[in-house]
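The values are calculated or read from the model by the stated rules, or taken from the named source; none is laboratory data. In this text the structure is predicted, and so the values were computed from the model without any measurement. Don't worry about glycine lacking a Cβ; one is built from the backbone with ideal geometry, like all the others, and counts go over all protein chains shown.
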Amino acid sequence: MKINSSLIRVACLAIGYYTLPLNVLAQQALPDLGAAQATDVDNQPVASATTFAGGVSVNALAFLKEDNIDVQKQAKIVASITVDPKDVGQIADIVVYVSFANLDNQGNPALFMLDENGEVFPWDFDPLNLVPFIPQVKLQGTQQLDIYNSQLPEGKLQVFFGYLLADALIVNQQPLDIAVEAIPSIIQDVELEEPELAMEIDITPMLSEEADRLVGQLGVRWPIGAVLKVGFDFTEAQFEEYPSPVCLGGMAKEDCENALAEQVITYASEWSQYGNLYFKKAAWDHSDIRIRFREVGSYSYIGTNAKGVSRDQHTLNLALSFLQTDRAFKRTVIHEFAHAIGLLHEHISPNIAYTWNEEQIIADMEQRGWSADKTRSNIIDNLLTRHSKSAFLTTKFDPLSIMIYPIAKQWVSKADLADPERCPAAETTDYYCVERGDELSERDKQGIAQFYPRREKQGNGCSMTYDPTEYQAGTPNWDGHRGLIVFNNPTSNELKINLYHPETLNRQSWSIAAKKRARLFRKGIPFEVNMAWGIQVGESPICILKTVSTWDEENKTFQTSTSYMPGL
Ligand SMILES: [Zn+2]
């Protein structure tokens, strides 16, 4: 059985159970949970007149038998058992167990049981292995239980409780049903001049395989419309040996570093001219992409893999020796930032056309210090040896891409050399089938516009628009890239907005004035949320959106970007 560590971790915070005074419980109306599910040691049903009540309460509100709880809230779970008269006076173990499923995989729940210290253990559904929540109780006519009073882990929980006699297990037939998730709250901030809701027809075609270029790995794509923060650390930069072309003679070291950082952002932003993704310089500790300048080649983590890199480590390296001319500087930055936003090498495209001369490539690269393995995984092995094609957004192969390595004539077959689609440089150069590109190719531009589209429509009646001119870098109140959600149905001034979790469709409602801008965050506590959610205005269709929020400690503000997600 798979043990959910978050459940265990959170549950360990609960310090056992305690018994409420009876008069307190008596004042709290507990929902009826119906009759018993009573089984003998062979799991065969037996008759029982025991009945159950119980509920979950947040913020001292009423106890409910079904609830949708914010993962940050304390959940109090209490229960009451009206014991079958024939069992009263018998010695039994009081037991509590929970069926737990991840919100995104509810079809596969696991069972856990609570022991007398409130600790959680996996349970195999064998009554003989069920640890007591309260051992060896002489059953009263009514048994009151205080089951839990702490935060719950994110997921779908069903709570069962009851008692275990020597020959039977008696538990509630109808469980407490609790969904726990991160529920964002909305605040209203900036007043707008014009209501943002309008009729709009979006004629942008759906993502089409034929239109795509480049090799974009979908699983590591940043949210569309995101502003990625880029941090710089120059401590290992060897400016003496490799002076940068942007650092003029006599320039102070700090000015030189600033000029270099600015130039990096400028070149990286070539992608932003065509794709809906932006870069800005930021403090190291708050950056999505962290750059060092070490003389060990240039490289980058692919896309959101960078989020798994510890804060003191860099996610992208630019060797100054790669940046010695304006051309090389630009080429290198555009190429490495492409990796940083989820793009892979074009020459390992699933649609690769070449017949590789493997021995020659390995021998040539060996001269440059590459192992055969490294050469295979960087040049020869097609991506399809490691991934399925559906993991990528791509079709036609582009020998002019900024993401292709230069390819020597001796690396490919005669048939490749004769085909200008595969070897455009073969006619005009002595050595190359494909020359190194310095600029974005036309297909690069088209490809990034598909991978990070500016405007999309799912065809379900809602659409979301981003206007890059609306982005205001460095403003404390709104530092995300903001967008306009357009619904096809008419709306009134006062909007009823329902937020949905896309899998469970659990719902939260807010009223919000049409002229106000809404920003998502959770009150008071720094947090990071990266979630998909749905939004519905009135009776409109549900739009699925992607929100990323981070707490900016420096500016004491949340930075949120929300974007419409294709394919959800
Ligand atoms: Zn590369």
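Looking only at residues that are under 31 Å from the mean Cα position of the chain (by Cα) and of a type in the set (Ser, Thr, Tyr) in the range 371-385, which one is farthest from the ligand (Cβ to nearest atom)?
385
In this structure, is residue 368 surrounded by fewer than 16 Cβ atoms within 10 Å (Cβ to Cβ) and within 15 Å of the ligand (Cβ to nearest atom)?
Yes.
Of all residues in the range 284-305 being away from the ligand (no atom under 16 Å from the Cβ) and within 19 Å of the chain's Cα centre (by Cα), which is farthest from residue 236 (Cα to Cα)?
Only one residue tops the list, namely 304.
Return the residues of the range 93-138 that are among the hydrophobic types (A, V, I, L, M, F, W, C), assigned to a strand (DSSP E or B) and out of contact with any Leu (no Cβ under 7 Å at 6 or more places or on another chain); say none if nothing qualifies. Reasoning before the result, please.
Keep residues of the range 93-138 that are among the hydrophobic types (A, V, I, L, M, F, W, C), which gives 94-96, 98, 100-101, 103, 110-114, 120-121, 123, 125, 128, 130-131, 133-134, 137.
Now drop any that are not assigned to a strand (DSSP E or B), which leaves 94-96, 98, 100-101, 110-114, 120-121, 134, 137.
Scanning the range 93-138 gives 101, 110, 111, 114, 121, 134, 137.
Just one of the numbered conditions (1) modelled with pLDDT of 80 or more; (2) outside any helix (DSSP H, G or I); (3) away from the ligand (no atom under 16 Å from the Cβ) is not true of residue 396; which one?
Single failed check for residue 396: (1).
Just the residues that are away from the ligand (no atom under 12 Å from the Cβ), among the aliphatic types (A, V, I, L, M) and not in a helix (DSSP H, G or I), please, taken from the range 319-364.
319, 323, 341, 352, 353, listed by residue number.
How about the range 403-421: which of its residues are crowded, with 21+ Cβ neighbours inside 10 Å and at pLDDT 90 or above?
Selection gives 411, 412, 416.
Looking only at the range 305-318, which residues are surrounded by 21 or more Cβ atoms within 10 Å (Cβ to Cβ) and in a strand (DSSP E or B)?
Within the range 305-318, 316 is the sole residue that qualifies.
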